[in-house]
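Reviewing the structure listed below.
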Amino acid sequence: MSNPVEKAGPSNMRSSQTDPVRSDLDPAEPQEREWGTRIFLGFLFLIACAYASMLIYHVSRPPGTVAENDGIMEQCRQICMRYGLVSTGNVRHDAETYLEVVQKNPLTQELSQILAQTEYQPVPSQEHRLLNQPVPEIVLPDETGKQQSLSQLGKDRPMVVVFYLGYGCSHCVAQLIALDKDLHYFHELGAEIVAISSDEPSHTAERFKEYGRFHFPVLADVDNSIAQAWDVYQPESEERPEFSKHGTFVIDRTGHLIWAVTGTEPFLDNETLLRIIADSQGTQTSAAPEELAAAR
């Protein structure tokens, strides 16, 4: 007669063999996986919210709606969007791309040929409170910290003074690149170019080291006092927010302001500047090269 205890033996043996396997399963593992899934899904949710916020913002602020309560970076974003441009993080590259899109007719001819084009109509000056008056003296440091005087830089010569929003703004730098490319035209007329921003001299020096310098003075108006005096900077007040504008000005040989344009975008029509300078010196638009040299 078989012993029931003995029959139960193999079953007990199998149970004893499987129990260790069951004990190896850590009951905390499913909970850890569950928390990991929750964290991952939460991360995806945050990304979705961020993209949704960006989408709502872009829809509510379409290109072409730059306003005075926008900061510098928002102004840059709006202007770049207007032309379908996306920042790459390389200011020089983005500035050159902006030029390719916006500057339709870069200058390539001889200066005498450019000035002889009678069908061209220069952009007229805007109203400005300094127009037709001697410009106030400007003394500011360049990227090396050396003090530069506008009266010395422009002594007995015409001058183009450009206020830009700093080297962190690609479309602002685009104007300086365009002026640098056409600098030989301005020098043919005996004119000098000066650029001014609120960047610290050390910041401009770092940008020059990274991207290359311009072949004209770039000065630092760190507190925006000069920009404010020239009506291209508005400090924050109870009534109005802080706001900066691009400004391009032409000064004749006598130190008088003869042409001014300000706005939310840089002025890229260098042919207008050349013609204003040439006219201020009595240089005829059909002048031969030797006449242009005599007008310096």
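The values are calculated or read from the model by the stated rules, or taken from the named source; none is laboratory data. These figures come from a predicted structure and were not determined experimentally. Cβ coordinates were reconstructed from backbone atoms using ideal geometry, including for glycine residues, and neighbour counts include every protein chain displayed.
Quick rundown of the values:
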| read-out | value |
| --- | --- |
| Some residue of the range 90-109 being in a loop (DSSP other than H, G, I, E, B) and closer than 18 Å to residue 247 by Cβ | no |
| Residue within the range 192-199 that is buried (at least 22 other Cβ atoms within 10 Å of the Cβ) and in contact (Cβ under 8 Å) with a residue 60 or more places away in the chain present | no |
| Test result for residue 156, closer than 24 Å to residue 125 by Cβ, in contact with a Lys or Arg (Cβ under 9 Å, 6 or more places away or on another chain) and acidic (Asp, Glu) | yes |
| Residues within the range 253-272 that are among the aromatic types (Phe, Trp, Tyr) and outside any strand (DSSP E or B), tallied | 1 |
| The range 113-155, residues that are of a type in the set (Ser, Thr, Tyr) and buried (at least 17 other Cβ atoms within 10 Å of the Cβ) | 125 |
| Residue within the range 156-174 that is among the acidic types (Asp, Glu) and within 26 Å of residue 80 (Cβ to Cβ) present | no |
| Residue 144 being free of Cβ contacts under 8 Å to residues at least 24 places away in the same chain, in a loop (DSSP other than H, G, I, E, B) and farther than 22 Å from residue 260 by Cβ | no |
| Residue 129 being basic (Lys, Arg), at pLDDT 70 or above, closer than 27 Å to residue 233 by Cα and not in a helix (DSSP H, G or I) | yes |
| Scope the range 234-288; condition among the hydroxyl-bearing types (Ser, Thr, Tyr) and either modelled with pLDDT under 95 or surrounded by fewer than 21 Cβ atoms within 10 Å (Cβ to Cβ) (or both); matching residues | 237, 244, 254, 262, 264, 272, 280, 283, 285, 286 |
| The range 147-172, residues that are out of contact with any Pro (no Cβ under 9 Å at 6 or more places or on another chain) and either under 21 Å from residue 276 (Cα atoms) or at pLDDT 95 or above (or both) | 149, 151, 154, 155, 156, 157, 158, 159, 160, 161, 163 |
| Single residue of 149, 170, 125 found to be of a type in the set (Gly, Ala, Ser) and touching a His at 6+ places or on another chain (Cβ under 9 Å) | 170 |
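Residues checked against (1) in contact with a Cys (Cβ under 7 Å, 6 or more places away or on another chain); (2) acidic (Asp, Glu); (3) within 14 Å of residue 270 (Cα to Cα):
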position: 123; (1), (2), (3): no, no, yes
position: 130; (1), (2), (3): no, no, no
position: 141; (1), (2), (3): no, no, no
position: 149; (1), (2), (3): no, no, no
position: 165; (1), (2), (3): yes, no, no
position: 173; (1), (2), (3): no, no, no
position: 183; (1), (2), (3): no, no, yes
